[in-house]
Amino acid sequence: MQHTTDDSVVSMQAVSSELTMGASQAQQSTKALDEILAAARSFTGQVAEITRATEQMRDLSNNLVLSTHAVSRVVDGNLAATRQMNTDAIEVTQSIENIASVSQQNSAAVEEVSASAEEMSAQVDKVSVSARSLAGMAQTLQQLIARFKLAARYLCRE
């Protein structure tokens, strides 16, 4: 009987030790999860900042494209006016042809800048979509961490 009681005491002490060790590990896990959650929140904040910056870049690019189109229309108008002046003033034909040539070069350069700005805008849109996707993944990660944290707290209570 004494031997059974001693075995029971030893067994209870082992269980108590394991429970204490399990509680300690649960606390460490909770601390690690809190750190992961803080990092995820920080990451989410950074993604939000990137998203805002990307949206600003997109808006600026769009404004640049609009301005470039306006300049292109002005250049096209100048070219038409230059051609009209060419037909009306034969004595200044050579000067007007030089102006028209420069205007055409400017128009081509403006179109190249416009195309580049449109490409940049498309790239900004892609980055914005990626940033939103990352924000969604970060939110999902936070939800998963919250579930794990709740499960860990529930285990600590038992």
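Assorted remarks:
- Residue pairs meeting the criteria (Cβ under 6 Å; at least 6 apart or on separate chains; first more than 11 Å from A100 (Cα to Cα), in segment 69-84; second modelled with pLDDT under 85 and buried (at least 16 other Cβ atoms within 10 Å of the Cβ)): V71/V110; S72/V110
- Qualifying residues in segment 49-73 (those that are surrounded by 14 or more Cβ atoms within 10 Å (Cβ to Cβ) and among the aliphatic types (A, V, I, L, M)) - the one nearest to R147 (Cα to Cα): I50
- Counting only residues that are under 17 Å from the mean Cα position of the chain (by Cα) and more than 19 Å from A135 (Cα to Cα), segment 9-64 holds 3 of them.
The values are calculated or read from the model by the stated rules, or taken from the named source; none is laboratory data. These numbers were taken from a predicted model, which means no experiment stands behind them. Backbone-built Cβ (ideal geometry, glycine too); neighbour counts: all protein chains shown.
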